[in-house]
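What follows is a single structure, written as structure tokens, with notes after it.
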Amino acid sequence: MNWAFLQGLLSGVNKYSTAFGRVWLSIVFLFRVMVFVVAAEKVWGDEQKDFKCNTAQPGCHNVCYDHFFPVSHVRLWALQLIFVTCPSLLVVMHVAYREDRERKNRLKYGDDCRRLYQNTGKKRGGLWWTYVLTLVFKIGVDATFVYLLYHIYEGYDFPSLIKCQQKPCPNTVDCFIARPTEKRIFTIFMVVTSLVCIFLSIIEILYLVGKRCRECLAVGHHTHHPMTNNISSGSHLMESSTLKRVPKCTPETPAPSYSSAIS
């Protein structure tokens, strides 16, 4: 595997992430990728060669090993790290798409034209949905692999002695795993870091959704106040115009009396 490419990918997406996303990237790169590359591969090594059974029956050793270890831990973790980090590439590609649109817009209308995006790396519109969907995918990948690890190996423990009754073994044979305690520690460590990454991704989704809802409420609050002010000012104008149109009350002249009219 080209781990240099993976490192460049994680470093490139770091500037488009939130604070929780940066912590997630640090845990993935330092506590998962580095531990996997430096220690885990050396601890497992040639697993089948170190797997010993107290029988010389041809095929029994291979059958027992395949029964208890259908998939290698190292290869399973390698697939997990690939699937959990590659969705970050979608965010980088989306930002690159925005930057390309912005460049074409300036070439077409000039440098003084109106910008399509105020900030191409700001999580608004489609980029916000892309970022959230990548978080959901990461949660699903980590949770799936944690479950698969538990389901395939029937737990996260490595017993020192394994009883095998698979054919063509003549009877129940004892098989032994090399360095079971060390493998148990690394397995638990990888599972715990996966659970921590799931927790951080959930917190980041809640943070993004809460921030977006707060911004929507703030925009609605600001648009409500000018409408209220306009309505109140309009009502004051109507009242003042009504007052101006009311005629002044002038005293009526009394009608002439009958005697003065005759005279």
TODO: Calculate the radius of gyration of the Cα atoms of the stretch 22-67 to one decimal place, then report Dmax, the largest Cα-Cα distance, as a whole number, both in Å.
DONE: 17.0, 53
TODO: On each of the three principal axes of the Cα atoms of the stretch 3-220, give max minus min coordinate, whole Å, ordered largest first.
DONE: 83, 36, 26
TODO: Note down the accessible area of C113, probe 1.4 Å, to the nearest 10 Å².
DONE: 30 Å²
Task: Peptides ranked, highest mean first, by Cβ atoms within 10 Å: ranges 153-162, 172-181 - done: 172-181, 153-162
Task: Cα-only radius of gyration and Dmax that characterise the stretch 103-180, units Å - done: 27.7, 84
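The values are calculated or read from the model by the stated rules, or taken from the named source; none is laboratory data. Remember, predicted model here, so these are calculated numbers, not experimental data. Positions of Cβ are backbone-derived with ideal geometry, glycine not excepted, and every protein chain shown enters the neighbour counts. These area figures cover heavy atoms from the full protein model, side chains too; ligands, DNA and RNA do not enter into them. Shrake-Rupley method; radii C 1.70, N 1.55, O 1.52, S 1.80 Å.
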